[in-house]
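What follows is a single structure, written as structure tokens, with notes after it.
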Amino acid sequence: MNGREIHVEFAPGLVLFVPRARPTGTARTTTDGVSTLGHVVESLGVPLTEAGTLLVDGREVAPGYVPTGGETVSVRAVRHPQEVPGAPLRFLLDVHLGTLARRLRLLGVDTAYESTDLGDPALAALSAADRRVMLSRDRGLLRRRELWAGAYVYSTDPTEQLHDVLDRFRPTLRPWTRCTACNGLLEEATKEQVADRLKGGTQRSYDVFAQCTSCGRAYWRGAHHEQLEAIVERAMSRGTQDG
Ligand SMILES: [Zn+2]
């Protein structure tokens with residue numbers, strides 16, 4: 001190939017995607033004069049969901065810009081909070097992110113998740129159809145063009161994952177309003193209404209009840225909620241709630 005060389009500098013948070021850019025955060029590559037900058041960045045390893053502003057010789061360009069060689073390209077990280085225009089903020093999580101899915105639902109964030117692997121094409125189609133932000137650690141999935149929007153999940157630890165998603169997207173938090181099992185909305189219920197789904201001890205000890213409008217699962221405030229209360233408290237104290 002007779003391409004000419006371009007010099008690409010990556011934001012520190014993106015270097016993990018580009019082993020050849022270590023340790024300096026820069027990589028050299030050649031351009032064929034036809035490929036877009038978006039394609040070049042992606043082929044170097046960075047999912048486009050993670051690339052923020054692109055600069056060519058200090059000037060902002062669109063991902064469709066076609067480098068001709070000789071340029072210095074700077075790839076910035078996505079800005080936080082990230083705007084996702086055009087639809088209410090809602091998420092779709094891949095099969096590996098079940099704990100994160102339950103925690104987002106606990107906080108009242110609209111979160112679709114299936115515990116069976118639907119496969120990348122079906123997930124991407126679902127993201128597009130429902131206008132959901134696809135969260136995944138699978139770069140191949142995040143590369144799919146059909147996605148409505150996507151974001152790479154950087155950590156394998158659910159606590160850090162939750163922190164990162166809240167920091168990046170700042171979703172409105174409404175704790176205790178969604179079913180952690182199915183994402184359905186909860187409604188208040190009396191003890192009598194949910195009696196058939198409660199064990200004897202629960203029935204005697206607790207008074208605050210809710211039930212899922214989708215799957216009927218019963219909820220109550222009890223001692224076993226301590227860990228969940230801590231998750232909610234921590235999320236709310238971040239100051240990300242606005243409603
Ligand atoms: Zn439910």
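The values are calculated or read from the model by the stated rules, or taken from the named source; none is laboratory data. Being a predicted model, the structure only gives us computed values, none of them experimental. Don't worry about glycine lacking a Cβ; one is built from the backbone with ideal geometry, like all the others, and counts go over all protein chains shown.
A quick yes/no check of all residues on (1) among the charged types (D, E, K, R); (2) under 21 Å from His225 (Cβ atoms); (3) touching an Asp or Glu at 6+ places or on another chain (Cβ under 9 Å):
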residue	(1), (2), (3)
Pro88	no, no, yes
Leu92	no, no, yes
Arg102	yes, yes, no
Ala112	no, no, yes
Asp117	yes, no, yes
Leu123	no, no, yes
- Item | Candidate set from the range 234-243 (those that are modelled with pLDDT under 75 and surrounded by 10 or more Cβ atoms within 10 Å (Cβ to Cβ)); member that is farthest from the ligand (Cβ to nearest atom) | Thr240
- Consider only pairs whose beta carbons are under 7 Å apart and that are at least six residues apart or on different chains; among these, list those whose first residue lies in the range 119-144 and is within 24 Å of Ser155 (Cα to Cα) and whose second residue is at pLDDT below 95 and β-branched (Val, Ile, Thr). Val133/Val84
- Query: Identify, please: which residue in the range 155-179 is of a type in the set (A, V, I, L, M, F, W, C) and over 30 Å from Leu16 (Cα atoms) and is, among those, nearest to the ligand (Cβ to nearest atom)?
  - Reply: Cys179
- Query: Looking at Ala122, Ala128, Ala149, which one is over 14 Å from His96 (Cα atoms) and either polar (S, T, N, Q) or surrounded by fewer than 14 Cβ atoms within 10 Å (Cβ to Cβ) (or both)?
  - Reply: Ala122
- Query: Do any residues in the range 47-72 that are under 24 Å from Arg139 (Cα atoms) have Cβ atoms under 7 Å from those of residues that are loosely packed, with under 13 Cβ neighbours inside 10 Å and among the β-branched types (Val, Ile, Thr), where the two are at least six apart or on different chains, and which pairs are they?
  - Reply: Val66/Val34
- Within the range 212-233, track down each residue that is among the aliphatic types (A, V, I, L, M) and either within 14 Å of the ligand (Cβ to nearest atom) or modelled with pLDDT of 85 or more (or both). Ala218, Leu228, Ala230, Ile231, Val232
- Message: Filter the range 180-197 down to the residues that are within 23 Å of Gly108 (Cα to Cα), touching a helix residue (DSSP H, G or I) at 6+ places or on another chain (Cβ under 8 Å) and away from the ligand (no atom under 16 Å from the Cβ) and list them by number.
- Response: Lys191
